[in-house]
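The structure appears right after this line, and notes come after that.
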Amino acid sequence: MFSCTKHLVLHSLKKRVGGEYLLWLIEDQDSDDPQFHTSYALLLANSAIQSYATEVPSESLEAGNVEEICNSDSGRNSIFNTPVRERLQIFLQSSDLFDPEEVLYLIEGSELWLEKAILYRKLGQETLVLQILALKLEDSEAAEQYCAEIGRPDAYLQLLEMYLDAKDGKEPMLTAAVRLLHNHGESLDPLQVLEGVGENEGVKGQ
């Protein structure tokens, strides 16, 4: 047990030292080395993923401070005394020097949906970003803000179609659709909207 506990402590300390050194290189030394930025993003992403793992029960640890170190490393608090997902999200949004595909590969099978949206945004995958914001996170405000960022009327139409096109046994998101029409109806073609809600046949028959 002592050997296992010692290994956990050393592993946590090594990650902390490595992470703080990368942060020092990036923030204090203004390093623009993509390798450093990618390594730091991967370190944060890995810590965020671990936050979903089962925490080590305190009674299985012999040293009182080991639980604090392991819990911090697992994601409830980051290795820099900031929630790890918050630090990860801020870094993914602020840095343009890391490899988004490498980070995305690491978190692809996880539940880090907002982080995936940030990465897909950097890769120019507009549809995937909208799907995550609108359907996975059900954040209508963020989805509409992203449409405004895209700056094309067809983005709002695509979002409307996502709300109305029920999939996987889910009901259409009518409340979100009404909100979108209320907030951005002027950006949408009325005929396309009617077609999207299934009323185009009535219009054509007039």
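Laboratory data are not the source of any read-out in this text; all were calculated from the coordinates shown. Predicted model, so just to flag it, every value in this text is computed and none were measured. No Cβ is skipped: glycine too gets one built from the backbone with ideal geometry, and neighbour counts run over all protein chains shown.
Numbers below:
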item	result
Vicinal HN-Hα couplings computed from phi for the range 22-29 (Karplus, 6.51 cos²θ - 1.76 cosθ + 1.60; Hz; Gly/Pro x)	4, 5, 5, 4, 6, 8, 7, 9
Full-stretch length increase - Glu186, Asp96 - with 0.36 nm per residue and alpha-carbon distance subtracted	29.0 nm
Inter-label distance, nm, simple model (7 Å from Cα along the C-beta direction), Lys167/Ser31	4.0 nm
3J(HN,Hα) from dihedral phi, the range 125-136, Karplus parametrisation 6.51/-1.76/1.60, rounded to Hz, x for glycine, proline	8, 4, 4, 5, 4, 5, 4, 5, 5, 7, 9, 7
Whole-Hz ³J(HN,Hα) from phi, Karplus 6.51 cos²θ - 1.76 cosθ + 1.60, for the range 186-192, glycine and proline x	5, 8, 10, 6, x, 5, 5
